[in-house]
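All remarks here apply to the structure that follows.
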Amino acid sequence: MGILKENPALSQRSECLTCQACVSTCSHNAVSFGFGNSPSAFSFSHQPTLPSRRAFCASLAAGATLAGLSHVDALCPSRASGGLVRPPSSHPETDFLNRCLRCGECMKACPTGGLQPIWFQAGFSGIFTPFLDPRSGACRPDCASCGAVCPTQAIHALPLEEKKWAKTGTAVIDRKTCLAWAEDRRCMVCKENCPYGAVDVVEQKGHRAPVPVVHEKRCYGCGFCEKHCPKSPPAIVVEPVGALRLNDASFEKTAKAAGLELEPGQHQGRTAENNEGKLGIPPVFLE
C-alpha cells in the first residue's frame, strides 16, 4: 500500500489494510499488530478499554447482521456477479473475491477511470470490488496498471504483450436501440473507436443504411464502443461473455487456442467485405 516511509513519522497508518505482510517479511521480528490509536498502535503494549454493555450488544447485533448478509449470495443466485466485467487478467470469480482487499488501488491507477467499485450487483460478498464501467472510461490496450498495483494479485501483473490477450468480455449490440439497426440511420461511431477492429459495418437486407456487427473473436471487451456510443443508455455494451479468467495458465496460449484474434489495430479500418469505398460513408457520420 506504500504506507511505510523511510522516516516512520511520515507513515500513513490510515492506509494500512492489516494484511500483515510486513510482519512475515521482517527478519528481526520487529513488527507486530495490536489495539488502539496510540503512537504504539502497532504493538501490544496498549491495553484496550472494555466496551460498555450497550456498545457490546450493538456490536454483537451488527456482527450477527453481517454474518446473515454473507449468506445472501447463496440464497439469491440471481445476484451472482456473472454480469459484471472485471478488470483484465482477473482471477476466476471465487478466487478473485477471496483475494481482493477492496483497497481501491486498481481504481486509483486506472488512467481512464473505467474501474469503479460496485455495491450489491455481485451480492454482499462482492461489495466494493472493482468492475469495468466503460461509460466512465474504457480499458486502454497500452495499459496494465491495475495488475501492477494489486497487492494480492487478484488481478495478475502481466506485461502488455500478455495482457492484451486477457479478454474481459464481448461487446453486444442492442438492435432495438441502435441508430443503424432500429432507426436506419448511418452511424459508424462504434467501428471508428474500436482499437481491435472488432466492429464492422455491413449491408443488411431490409436496411437502407449499413449496420454494425461485432466479431467476437476480435473483441477484447475494452469498452471503447460503449464509451462513445451516441445513444443513452448505449446501444452497444460489454458483457462478460467469453472473458478469460485464469489462475495460472498463460492468457496468450489460452486465447490463441480459443481462436481469438486480439491484436490491436490488426483489423482496424477493414470491414467484413473490404467495401468501405463502396459504402461511401465518412467516419462517425450520422444521417
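The values are calculated or read from the model by the stated rules, or taken from the named source; none is laboratory data. Since the model is a prediction, treat every value here as computed from it, not as a measurement. All Cβ positions, even for glycine, are placed from backbone atoms using ideal geometry, and neighbour counts span all protein chains on display. Protein only, heavy atoms only, side chains kept; ligands, DNA and RNA dropped before computing areas. Shrake-Rupley method; radii C 1.70, N 1.55, O 1.52, S 1.80 Å.
The residues of the range 8-17 that are of a type outside the set (Lys, Arg) and either at pLDDT below 75 or not in a loop (DSSP other than H, G, I, E, B) (or both), listed by number, are Pro8, Ala9, Leu10, Ser11, Gln12, Ser14, Glu15, Leu17.
Go through the residues of the range 38-46 one by one and say whether even a single one is surrounded by fewer than 12 Cβ atoms within 10 Å (Cβ to Cβ) and modelled with pLDDT of 50 or more. The answer is no, given that none of the residues of the range 38-46 is surrounded by fewer than 12 Cβ atoms within 10 Å (Cβ to Cβ) and modelled with pLDDT of 50 or more. Close contacts from the range 200-216, counting a first residue that is touching a residue at least 60 places away in the same chain (Cβ under 8 Å) and a second that is of a type in the set (Gly, Ala, Ser) and open to solvent by 50 Å² or more (accessible area, probe 1.4 Å), with Cβ to Cβ under 9 Å and a gap of 6+ residues or different chains, come to Asp200/Ala272; Val201/Ala272; Val202/Ala272.
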